[in-house]
Amino acid sequence: MSKVIVVCGAGGKTSYIKRLSESYKDKKVVITTTAKIFKPKKYTENIDLHSFDNDNIIVLGREYDDKKLMYAGDNELKKAIDFADIVLIEADGAKYYPIKIPNNEEPVIPEFLYGKIYKIVIVMGLHSLERKFKEVCFRYNLCSEIDIEKIVDLETIEYIADKYYINKLKNKCDNISLYLNDFTKNNNITYKKTAFIILASGNSKRFKGNKLIHRFKTLNNKTLFENTINKISDVRELFKEDDNLKNIETSVIAVSIYDEIINKTFENKDYISVYNDNHNEGISSSIKFGINEAIKINADSFAFFVCDMPVLESYDIFNMLKYFYYSYKNIGAMFTGERPSNPAVFSSKYINDILNLEHDNGALKIIKKNIDDCFFYTIDENKLKDIDTREDLN
């Protein structure tokens with residue numbers, strides 16, 4: 001009978017399982033799920049004696065949709081335990097959040113596994129530290145004793161793991177451990193230059209005027225464009241203060257149709273201005289102009305910003321980019337509720353996909369198509385509130 005390891009919790013389960021599977025060089029390994037996992041290029045829905053003829057690691061699961069696999073069923077899992085040396089089971093889902101409160105049915109562990117589990121590993125992401133509980137915890141509403149505004153520390157993570165996982169699972173397995181996932185620890189940053197591309201060609205029809213250069217009292221009489229570029233300047237300063245990011249070059253590109261932006265009439269002039277003479281073609285035209293300019297300055301990553309998110313904080317932008325660099329993913333984006341959002345960053349891998357966008361199709365189309373290649377920075381949806389009318393920001 002194989003060694004069964006159940007992995008549950010939140011941020012980093014899939015990466016943990018992948019690393020663990022690769023450490024078993026001379027073993028027959030099955031990676032599977034009782035919840036849902038991303039569908040790899042190669043997988044099987046059934047397992048038999050010949051499943052390991054060409055590879056020592058196989059992924060077992062039943063197709064859920066074009067992106068994910070679901071539980072293959074009790075019979076297939078039982079066969080996996082018979083035929084493999086190691087069975088790694090992802091038994092939880094967390095919607096990209098680094099920590100999680102499970103509901104009554106989670107993690108999903110079939111009853112027939114009781115007594116057969118070698119080890120249960122609870123994964124929690126250290127990228128939740130120093131952030132608000134409600135922003136980093138999936139199903140935070142199931143935990144009434146922790147204030148949703150609390151800043152998460154190590155004690156918070158250990159408390160959640162102990163109360164909501166270890167105490168719940170100790171009657172199913174006596175070998176349970178907490179794995180604190182810090183993907184910044186052993187990963188090197190390979191990016192050299194990031195272009196911050198501000199998309200500022202919108203027509204502001206609902207605003208009844210030009211919202212990008214309208215001065216708002218609540219923004220200290222600054223415009224939305226100024227607010228955005230000043231935040232980006234703050235992020236660039238945070239780069240310089242970080243020992244691991246200080247060597248990444250940064251440049252700012254503003255794509256617009258407005259004279260005030262093109263001619264740099266604002267106090268902050270530290271950007272390259274590009275006139276979008278195809279603005280009637282939709283947001284894709286601004287994106288393409290920005291990418292083409294970024295290619296000229298040899299950028300290898302491209303961060304896109306819209307101007308109508310004045311509540312978003314520089315610290316969150318910085319964190320999203322920092323964790324993207326460490327993640328070994330090729331896309332990074334904000335994530336709230338059930339959806340990805342701007343700002344978003346792409347590696348040069350997706351240049352052609354970006355240049356092939358048309359009309360009002362933004363880069364979110366590329367994100368949704370390549371979810372498994374994304375790092376998502378979970379955030380309070382109120383921070384991503386956009387400004388469409390004058391009443392939205394008094």
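Computed values, structure above
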{"quantity": "Residue selected from segment 13-56 under the condition farther than 27 Å from Ala94 by Cα and basic (Lys, Arg), by the criterion most open to solvent (accessible area, probe 1.4 Å)", "calculated": "Lys25"}
{"quantity": "Which listed residue, of Ile117, Ile99, is touching a Cys at 6+ places or on another chain (Cβ under 6 Å), of a type in the set (A, V, I, L, M) and farther than 27 Å from Lys369 by Cα", "calculated": "Ile117"}
{"quantity": "Matching option when the condition is in contact with a Pro (Cβ under 6 Å, 6 or more places away or on another chain) and not in a loop (DSSP other than H, G, I, E, B), among Phe305, Phe289, Phe239, Phe225", "calculated": "Phe305"}
{"quantity": "Residue that is nearest to the chain's Cα centre (by Cα), among those in segment 315-324 that are crowded, with 20+ Cβ neighbours inside 10 Å and not aromatic (Phe, Trp, Tyr)", "calculated": "Met320"}
{"quantity": "Segment 333-345: number of residues that are over 11 Å from Tyr191 (Cβ atoms), out of contact with any Pro (no Cβ under 7 Å at 6 or more places or on another chain) and in contact (Cβ under 8 Å) with a residue 24 or more places away in the chain", "calculated": "9"}
{"quantity": "Cross-chain or 6+ apart pairs with Cβ under 9 Å, segment 179-208 first and of a type in the set (D, E, K, R), then modelled with pLDDT under 80", "calculated": "Arg206/Asp388; Arg206/Thr389; Lys208/Thr389; Lys208/Arg390"}
{"quantity": "Residues (modelled with pLDDT of 95 or more and open to solvent by less than 60 Å² (accessible area, probe 1.4 Å)) located in segment 1-12", "calculated": "Val4, Ile5, Val6, Val7, Cys8, Gly9, Ala10"}
{"quantity": "Qualifying residue in segment 77-90 (condition: surrounded by 14 or more Cβ atoms within 10 Å (Cβ to Cβ), in a helix (DSSP H, G or I) and not hydrophobic (A, V, I, L, M, F, W, C))", "calculated": "yes"}
{"quantity": "Qualifying residues in segment 57-76 (those that are open to solvent by 30 Å² or more (accessible area, probe 1.4 Å) and without any contact (Cβ under 8 Å) to a residue 12 or more places away in the chain) - the one farthest from Phe138 (Cα to Cα)", "calculated": "Asn75"}
{"quantity": "Matching option when the condition is farther than 24 Å from Ser327 by Cβ and touching a residue at least 40 places away in the same chain (Cβ under 8 Å), among Asn175, Asn167", "calculated": "Asn175"}
{"quantity": "Checking Lys222 against (1) out of contact with any Lys or Arg (no Cβ under 8 Å at 6 or more places or on another chain); (2) modelled with pLDDT under 95; (3) not hydroxyl-bearing (Ser, Thr, Tyr), the condition it does not meet", "calculated": "(1)"}
{"quantity": "Any hit, segment 326-334, residues being in contact with a helix residue (DSSP H, G or I) (Cβ under 9 Å, 6 or more places away or on another chain), part of a strand (DSSP E or B) and closer than 20 Å to Lys385 by Cβ", "calculated": "yes"}
{"quantity": "Evaluation of Ser204 against (1) modelled with pLDDT of 90 or more; (2) of a type in the set (Ser, Thr, Tyr); (3) out of contact with any helix residue (DSSP H, G or I) (no Cβ under 9 Å at 6 or more places or on another chain) (one fails), failing number", "calculated": "(1)"}
{"quantity": "Residue that is least open to solvent (accessible area, probe 1.4 Å) [pool: residues in segment 342-358 that are of a type outside the set (Phe, Trp, Tyr), under 16 Å from Ala195 (Cα atoms) and assigned to a helix (DSSP H, G or I)]", "calculated": "Ile354"}
{"quantity": "Yes/no for Val30 being within 22 Å of Leu169 (Cα to Cα) and touching a residue at least 24 places away in the same chain (Cβ under 8 Å)", "calculated": "no"}
{"quantity": "Residue list for segment 267-314, filter: among the charged types (D, E, K, R), under 22 Å from Ser341 (Cα atoms) and open to solvent by 30 Å² or more (accessible area, probe 1.4 Å)", "calculated": "Glu281, Lys288, Asp300, Glu313"}
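The values are calculated or read from the model by the stated rules, or taken from the named source; none is laboratory data. All values derive from a computational prediction rather than experimental measurement. Backbone-built Cβ (ideal geometry, glycine too); neighbour counts: all protein chains shown. With ligands, DNA and RNA removed, areas are computed over all heavy atoms of the protein, side chains included. Shrake-Rupley method; radii C 1.70, N 1.55, O 1.52, S 1.80 Å.
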